[in-house]
Amino acid sequence: MKKNYLTKDWYENLIKELHELKNDKLNNVLERLAEAKSMWDLSENFEYKSALEDKDFILTRVAEIESLIEDVEIIDEDKKTDSKWRSDKIVDYGSKVILKVEWEKEYSVTIVGAWEISLLDEIMKISLESPMWLAIRWKKAWDTVKMKLHNGKVDVKIISVS
């Protein structure tokens with residue numbers, strides 16, 4: 001079974017969501033289903049069909065979260081130092097990295113599990129499965145590496161690792 005890497009915050013959010021789904025939302029949708037069933041004709045009962053769809057969505061999401069947290073490893077960000085310019089730190093999961101891609105500007109990225117990626121935040125969250133991670137993993141500040149892209153390779157310089 002594949003290990004799922006999650007930050008502590010993300011894991012706690014998933015546990016909270018799971019609790020909310022199982023204890024609040026599922027109970028609410030089951031009540032809606034019971035009410036809708038009491039209305040005679042189910043074949044044209046929009047409320048019944050809507051409640052069934054909501055129930056299916058909730059049960060699917062519950063199964064997804066349970067599967068995700070079944071074999072989880074928490075990325076311990078507290079073990080990372082706050083020293084922004086230490087050159088002896090290597091890029092590992094949970095690392096916060098400032099890097100520069102060839103001629104472009106600098107980017108701040110955090111290495112996270114695949115479920116947490118976000119390229120829209122000020123500090124991008126990249127996956128352990130991304131081409132960026134494959135290029136910079138286990139490297140140190142000031143290392144320059146080649147990152148494979150679909151149309152070639154680009155140079156990536158690691159400015160700092162924390």
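Points worth noting:
- Hey, Lys148 closer than 22 Å to Val72 by Cβ and of a type outside the set (Asp, Glu) or not: no
- Top-ranked residue in region 17-76 [being polar (S, T, N, Q) and part of a helix (DSSP H, G or I); ranked as surrounded by the fewest Cβ atoms within 10 Å (Cβ to Cβ)]: Ser38
- Among (1) in contact with a strand residue (DSSP E or B) (Cβ under 9 Å, 6 or more places away or on another chain); (2) at pLDDT 85 or above - the single one Ile58 does not satisfy: (1)
- Evaluation of Lys96 against (1) surrounded by fewer than 17 Cβ atoms within 10 Å (Cβ to Cβ); (2) modelled with pLDDT of 85 or more (one fails), failing number: (1)
- Residue in region 106-145 that is farthest from Glu73 (Cα to Cα), counting only those that are charged (D, E, K, R) and at pLDDT below 85: Glu122
- Remark: pairs (first residue in region 117-146, assigned by TED's automatic domain parsing to the domain that holds Lys100; second residue among the acidic types (Asp, Glu); Cβ separation under 6 Å; 6+ apart in sequence or on different chains) = Lys125/Glu116; Thr144/Asp155.
The values are calculated or read from the model by the stated rules, or taken from the named source; none is laboratory data. Owing to the predicted nature of the structure, the values given are computational and were not obtained by experimental measurement. Note that each Cβ is placed from the backbone with ideal geometry, even for glycine, and that neighbours are counted across all protein chains shown.
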